[in-house]
Each structure stands twice: as structure tokens, then as C-alpha cells.
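Report on the structure given below.
Just so it is clear, none of the values below were taken in a lab; they were calculated from the coordinates. All values derive from a computational prediction rather than experimental measurement. Cβ sites come from the backbone with ideal geometry, for glycine too, and all protein chains shown count toward neighbours.
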Amino acid sequence: MSKIKEKDITCPGEEDDLGEFIAARVSFFTATTSVKEMEAACLLQAMYWVRLQGFQQVEFEIDAKSVADAVRCNGVDVTEFGQLVDLCKMVLAEDKNFMVIFVRRQTNVVAYFIARASRLYASPTEFNIALSYTITPSKSMKDPEVIISTSGVFKLGFFSFDNSTNRYVGICYNHIPVQTVIWVANRDKPLKDSSGTVKISDDGNLVVLNGQEQILWSSSVTNSVANAIAQLLDSGNLVLTDNNNGENLWESFQHPSNAFMETMKIKTDAKTGKKVC
């Protein structure tokens with residue numbers, strides 16, 4: 001059984017049966033939202049997030065008693081808070097193995113700073129935190145998840161351009177408020193919804209799949225590798241590596257799309273005569 005703990009009003013975190021911290025998701029809400037509305041919205045986002053990850057039996061631990069009581073009660077509340085609670089109830093009705101539990105605990109230091117930052121930089125945009133920096137044969141990345149570079153400079157994830165509902169997989173700066181994309185994988189074949197997945201295929205390629213498991217983009221490495229991993233470096237380079245010997249099989253710097261990065265180098269392919277990065 002997995003446990004989902006709300007660290008505070010903006011950051012649900014995920015632990016396994018042994019209490020090991022697995023992942024977290026941070027959501028920022030508008031400054032006009034009341035505290036209990038934020039708590040209810042965060043619980044709802046946690047439920048949706050867990051659904052996307054495919055967990056079957058989950059305890060949602062929340063330290064907001066008003067939300068926990070409202071979710072368990074049968075009363076009618078027509079306020080915005082009541083509407084959020086009703087959505088939580090709908091999820092609980094559909095997923096019988098989901099349970100909301102009230103726990104009394106003291107906010108930790110990390111949660112304090114996240115809550116403080118969310119008040120200073122309130123935004124309706126939701127961000128995800130990935131606690132690993134790689135995609136492996138056993139660990140894929142689903143929309144809206146991200147992976148980040150070791151020092152948190154860049155992130156690889158799903159996004160949409162302005163005035164478009166299409167979804168793309170790309171690399172962006174992680175801490176710049178304005179979306180700044182430096183590389184896009186599926187530019188020619190965007191996803192039409194949020195069902196996308198990035199994974200390591202059976203032949204060792206990094207691929208972007210839609211909800212029907214159709215390949216929209218591939219690294220197209222010809223040599224099959226059984227244990228490939230993809231890692232986002234602090235240079236902004238996404239690298240596909242043979243985990244057995246450390247050999248680089250493919251890298252995004254060799255296929256630039258949106259930006260020329262400082263550490264890119266232009267050279268000439270001796271066989272084809274073409275200039276590559």
C-alpha cells in the first residue's frame with residue numbers, strides 16, 4: 001500500500017510501505033484562494049496524480065481536519081470549497097481502495113519554505129518534482145511528470161505552446177518563470193491530449209508514445225541495447241546511455257532544435273561531410 005502525505009497545502013509527497021520518500025508534486029494556487037480551498041485542491045490534485053501513476057490502494061494522509069471531515073460527511077456545500085470536496089468524493093466513490101486519513105503533525109522546514117515561496121510567487125501553473133534524474137527500462141515518465149538535471153537547471157517534461165492544446169516533450173529551463181524551451185522531441189507529431197509517455201523501448205531507444213502506444217518520436221538508435229537509460233545533464237543535454245558500459249548511444253545536442261547551447265560544438269562528419277553538433 002502506498003501512502004500519499006500532504007507536506008503542506010501545496011506539496012503532496014509519496015511514500016512506499018517502508019516510509020521511503022519516492023516523489024512529490026508541487027502546485028501553486030492563486031493568492032486569493034482560501035487556506036481550506038487550497039488544502040482541498042491539493043488533495044484533489046494528489047488523487048488525480050496518483051491515478052495517473054496507476055496505484056490501486058492508497059491512503060491520503062492530510063493534516064487539514066476540516067477537509068478530512070468534509071470529505072467523509074454527506075452534507076451539501078455549494079461554495080467553491082464544497083465543489084472541490086465533491087470532486088474528491090467522486091474520486092473516492094470511483095476508487096474504492098482510496099482512503100483519506102486525518103493526521104496531526106508539525107509542518108517541517110521544507111514545507112515551510114515551499115509554502116512561503118508559493119505566497120511570494122503565487123501562480124495557477126502546476127509544477128512537478130522528480131526525485132530521479134533518469135528514465136530507465138523500468139521507470140517511464142508520464143504526462144505531467146518531469147525529470148530534472150542533477151542541479152535542477154533544466155527539466156524534461158510535457159508542455160504546450162501558447163494558444164495550443166497540443167502536448168510536446170521537450171527540455172526547458174527549470175527556474176525561469178517564462179517558459180523557455182531549448183529542445184523538442186515530437187515537434188512534427190504532437191500529442192493531442194495528456195496521455196503521453198516517455199519510456200525506454202524494448203530495443204533500447206528513447207521513445208514518445210501516445211495513449212494508444214503509438215510511437216510519435218524515437219531516438220532511432222540502430223543497435224539494440226538491453227539496459228539503456230536516459231539522463232538529463234546540467235548542460236541541457238539529454239543523453240541515452242548503455243548502462244552496461246557507459247557508452248553514449250544518442251544525445252539531444254546532436255539533434256538541436258530550438259537553441260544553440262554554450263557547450264555544443266559544431267564539427268564535420270568525415271563520412272557525410274555534414275556539420276553536426
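Annotations for the structure displayed:
- The simple Förster model, with R0 at 22 Å and r as the Cβ-Cβ distance, assigns ILE215 and PHE55 a FRET efficiency of 0.25.
- Relative packing of peptides 220-229, 167-176 - highest average C-beta neighbours within 10 Å first: 167-176, 220-229
- Here the spin labels are modelled as points 7 Å beyond Cα on the Cα-Cβ line, and at ASN248 and ASN97 they lie 4.3 nm apart.
- FRET efficiency for CYS73 and ASP162, using Cβ-Cβ distance with R0 set to 51 Å, rounded to 0.05: 0.75
- Across LYS139/LYS192; LYS36/LYS89; LYS36/LYS96; LYS89/LYS199; LYS36/LYS155; LYS36/LYS139, pairs whose alpha-carbon gap is larger than 27 Å: LYS89/LYS199; LYS36/LYS155; LYS36/LYS139
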